[in-house]
Amino acid sequence: QVQLVESGGGLVQAGGSLRLSCADSGRTFSSYAMGWFRQAPGLEREFVATISWSGSSTRYADNVKGRFTISRNNAKNTVYLQMNSLLPEDTAVYYCAARTGGYSTNRASYDYWGQGNQVTVSS
């Protein structure tokens with residue numbers, strides 16, 4: 001069973017940085033591809049970044065490319081999202097998610113979700 005617990009959100013000024021973490025309490029973390037998604041008020045949940053089970057492949061949404069970095073440490077059952085040069089439009093609830101198979105940008109293909117973590121960027 002996969003249980004994802006997120007941490008690291010909060011309030012930051014525009015131009016600042018935050019790192020989100022997502023830890024899995026199960027024993028099969030390394031077999032899952034992982035993704036980060038976000039949802040702003042009144043909008044649909046959107047893809048942010050994804051990483052393969054080995055960490056060798058990643059993909060980003062165009063609006064975060066060059067500013068965000070996804071990584072994982074399978075020994076710690078944790079995936080990270082390093083967010084730099086944050087903008088007010090990055091304000092959202094951020095969710096991590098896990099899926100079997102390869103990495104994916106498709107929200108509907110993910111099997112397990114974290115509880116969400118608020119990130120607020122002030123201007």
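Scan region 59-81 for residues that are part of a loop (DSSP other than H, G, I, E, B) and within 20 Å of Gln115 (Cβ to Cβ) and jot them down. Even if it seems obvious, please write down each step before you answer.
Here is the first cut: in region 59-81, the residues part of a loop (DSSP other than H, G, I, E, B) are 61-67, 77.
Hit for region 59-81 is Asn77, nothing else.
Check region 65-80 and report whether any residue there is at pLDDT 95 or above, open to solvent by less than 60 Å² (accessible area, probe 1.4 Å), of a type in the set (Lys, Arg) and out of contact with any Asp or Glu (no Cβ under 9 Å at 6 or more places or on another chain).
Yes, some residue in region 65-80 is at pLDDT 95 or above, open to solvent by less than 60 Å² (accessible area, probe 1.4 Å), of a type in the set (Lys, Arg) and out of contact with any Asp or Glu (no Cβ under 9 Å at 6 or more places or on another chain).
Hey, could you check region 46-58 for residues that are hydrophobic (A, V, I, L, M, F, W, C) and part of a strand (DSSP E or B) and say which is nearest to Asn73 (Cα to Cα)?
Step one: filter region 46-58 for residues hydrophobic (A, V, I, L, M, F, W, C), giving 47-49, 51, 53.
Cutting the leftovers down to part of a strand (DSSP E or B) gives us 47-49, 51.
Values: Phe47: 21, Val48: 19, Ala49: 16, Ile51: 11 Å.
Once the filter is applied, the top-ranked residue is Ile51.
Open to solvent by less than 10 Å² (accessible area, probe 1.4 Å) and either in a loop (DSSP other than H, G, I, E, B) or over 18 Å from Trp113 (Cα atoms) (or both): does that describe Leu86?
Details: open to solvent by less than 10 Å² (accessible area, probe 1.4 Å): yes; either in a loop (DSSP other than H, G, I, E, B) or over 18 Å from Trp113 (Cα atoms) (or both): yes.
Yes.
Give the number of residues within region 89-101 that are without any contact (Cβ under 8 Å) to a residue 60 or more places away in the chain, open to solvent by less than 30 Å² (accessible area, probe 1.4 Å) and not charged (D, E, K, R).
1
Let's see how each residue does on (1) touching a Lys or Arg at 6+ places or on another chain (Cβ under 7 Å); (2) among the hydrophobic types (A, V, I, L, M, F, W, C); (3) within 15 Å of Val121 (Cβ to Cβ):
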{"position": "Gly55", "(1), (2), (3)": "yes, no, no"}
{"position": "Arg67", "(1), (2), (3)": "no, no, yes"}
{"position": "Ser71", "(1), (2), (3)": "no, no, no"}
{"position": "Thr100", "(1), (2), (3)": "no, no, no"}
{"position": "Ser109", "(1), (2), (3)": "yes, no, no"}
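What number of residues within region 1-45 satisfy the criterion of being part of a strand (DSSP E or B) and open to solvent by 70 Å² or more (accessible area, probe 1.4 Å)?
Here is the first cut: in region 1-45, the residues part of a strand (DSSP E or B) are 4-7, 10-13, 18-24, 33-39.
Of the ones still in play, those that are also open to solvent by 70 Å² or more (accessible area, probe 1.4 Å) are 5, 11, 13, 19.
Going through region 1-45 one residue at a time, the tally reaches 4.
Could you grab the pairs with beta carbons closer than 7 Å, sequence gap of 6+ or different chains, first residue in region 67-87 and under 15 Å from Ser31 (Cβ atoms), second one open to solvent by less than 60 Å² (accessible area, probe 1.4 Å) and part of a loop (DSSP other than H, G, I, E, B)?
Listed by first residue and then by second, the contacts come to Arg72/Gly55.
Out of region 102-121, which residues are in a loop (DSSP other than H, G, I, E, B), open to solvent by less than 40 Å² (accessible area, probe 1.4 Å) and of a type in the set (Ser, Thr, Tyr)? Lay out the reasoning, then the answer.
Going through region 102-121, the residues in a loop (DSSP other than H, G, I, E, B) turn out to be 102-106, 110-111, 114-116.
Filter again for open to solvent by less than 40 Å² (accessible area, probe 1.4 Å), leaving 104, 110, 114, 116.
Ser104, Tyr110, listed by residue number.
Do we have Trp53 as closer than 21 Å to Asn106 by Cβ, open to solvent by 60 Å² or more (accessible area, probe 1.4 Å) and in contact with a strand residue (DSSP E or B) (Cβ under 6 Å, 6 or more places away or on another chain) here? Working first, answer last.
Details: closer than 21 Å to Asn106 by Cβ: yes; open to solvent by 60 Å² or more (accessible area, probe 1.4 Å): yes; in contact with a strand residue (DSSP E or B) (Cβ under 6 Å, 6 or more places away or on another chain): yes.
Yes, satisfied.
The values are calculated or read from the model by the stated rules, or taken from the named source; none is laboratory data. Remember, it's a predicted structure, so these values are computed and weren't measured experimentally. Positions of Cβ are backbone-derived with ideal geometry, glycine not excepted, and every protein chain shown enters the neighbour counts. Heavy atoms of the whole protein, side chains included, go into the accessibility calculation; ligands, DNA and RNA do not. Shrake-Rupley method; radii C 1.70, N 1.55, O 1.52, S 1.80 Å.
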